[in-house]
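Below you'll find the structure, written out as structure tokens, and then a few comments.
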Amino acid sequence: MDPAHDNAAAARPIAVVADGFDPARGGAERVAAQLVAALRARGHTVETIEPPAAGGALRRAIALASAAQRARAQGRFVVSLCKAPGDLVCPQGGLHLAAMAGALEPYPAALRPVLGAARLLAPRQFAFLAAERRQYAQARHFVAISERVRQDMIRIAGVPPERIEVCRLGVDLAHFRPPTDEARRDARRRLGLAADALVLLFASHNYRLRGLGRLLRALAQIEPTRRARLGLTLLVAGRGERARLQRLAHRLEIALVAAGQQSDMRAVYHAADALVHPTFYDTSSLVILEAMACGLPVVTTAGHGGAEFLRGPESVLVPPGRDPAPLARAIERLFEPGARRALGRSARACAERYPLELSLARLVDRIEDALLASAPPETP
């Protein structure tokens, strides 16, 4: 990018709007914090906007999450935000209608129409959907973090395909790297995991949406003596009802360690042998990318945004749905150490195609393009 482009773009203030900017809270917050740092490194003046901060006339709002996704519990924040002009939309959480449909998938098929209708008829849903429509009508530039989100923008919001650019997430390859033997031992010791256990990692704050129930049922289908012989242990990282989870695992006779929310996920990845992410809906998945960067094989659901990272032998894909049997068979493929090592090497090689620096540079370039395109003409 030429210096004139940089100088013209840097003259405009930028407001970055997201659910939050604390990297310890989750992947979306990490991405938001990284983007703010990258913009400031290019010399931009950046204001961060997050709930419950509300209102105000924003000079320019670069929306990292759709209006509805940003503030599910704070409708007034959504409405006030969407009154401000926006140059670029990059919805981390996807479009609200698509997210609503995805949130119904963990439930039995017979319940989904009833639950879906009830949610659509709720007054706040009308407000969310109306705010999102306004946001997309105002925006001039669109960035999707996966092909799945791009297709939703076209199908739901009617955005012309040629106006959408896909900028995939990236990963810090220096921080998230395969562990040394010592680092692996230390990580397991801190989490109370046996050194010789086969540890499967599930990492999410939304247990239902990411398929923890399906995973527990799949593990229960594996012969108990085989699980015991392998020391098969499920490591769960994320916010949630840990006591209830422990009781359910005990009833199913599954060895489980509930690690809770982690400020740095690297130690959790280093303690695991594989990541199992049987999600029902994902626009993309930073946890998949970070796990692969740490050399972990990945078992995940086909068809969601995060699965787009996986185009070779670095993953094991299972059909979408609630049936635990295909997931159990996929997990059994990880029981052989040689297969895990081969999958892990392929996973790291795949992750190396998505360096964080390149991902952030592309997104900042698109934001600067949006700023330049919307700048008022210079007076002679």
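A few comments on the model shown:
- Residue satisfying all of: in region 166-184; out of contact with any Pro (no Cβ under 9 Å at 6 or more places or on another chain) and surrounded by fewer than 17 Cβ atoms within 10 Å (Cβ to Cβ); farthest from Gly231 (Cα to Cα) among these: Val166
- Residue that is surrounded by the most Cβ atoms within 10 Å (Cβ to Cβ), among those in region 317-338 that are touching a residue at least 24 places away in the same chain (Cβ under 8 Å) and aliphatic (A, V, I, L, M): Leu327
- Highlighted here are the helices (runs of 4 or more DSSP H) found entirely within region 286-360 that include at least 2 residues which are in contact with an Asp or Glu (Cβ under 7 Å, 6 or more places away or on another chain): 337-351.
- Options Gln262, Gln246: the member that is in contact with a strand residue (DSSP E or B) (Cβ under 7 Å, 6 or more places away or on another chain), in the same structural domain as Arg311 (by TED's automatic domain parsing), surrounded by fewer than 23 Cβ atoms within 10 Å (Cβ to Cβ) and under 27 Å from Arg177 (Cα atoms): Gln262
- Test: residue in region 279-296 that is surrounded by fewer than 19 Cβ atoms within 10 Å (Cβ to Cβ), modelled with pLDDT under 95 and among the aliphatic types (A, V, I, L, M): no
- Checked against the criterion of being over 22 Å from Pro91 (Cβ atoms) and at pLDDT 80 or above, region 25-41 has at least one qualifying residue.
- Filter pass, Ala103 being in contact (Cβ under 8 Å) with a residue 40 or more places away in the chain and either over 27 Å from Asp369 (Cβ atoms) or outside the structural domain of Leu363 (by TED's automatic domain parsing) (or both): yes
- Figure legend. Inter-residue proximity from region 339-363: first residues basic (Lys, Arg), second residues part of a helix (DSSP H, G or I), beta-carbon distance below 8 Å, spacing 6+ or different chains. Indicated pairs: Arg348/Met292; Arg348/Ala293.
- When restricted to residues that are within 26 Å of the chain's Cα centre (by Cα), under 19 Å from Ala197 (Cβ atoms) and not aliphatic (A, V, I, L, M), region 211-241 contains 1.
The values are calculated or read from the model by the stated rules, or taken from the named source; none is laboratory data. Everything quoted here is computed from the prediction, not taken from an experiment. We place every Cβ from the backbone using ideal geometry, glycine too, and count neighbours over all the protein chains shown.
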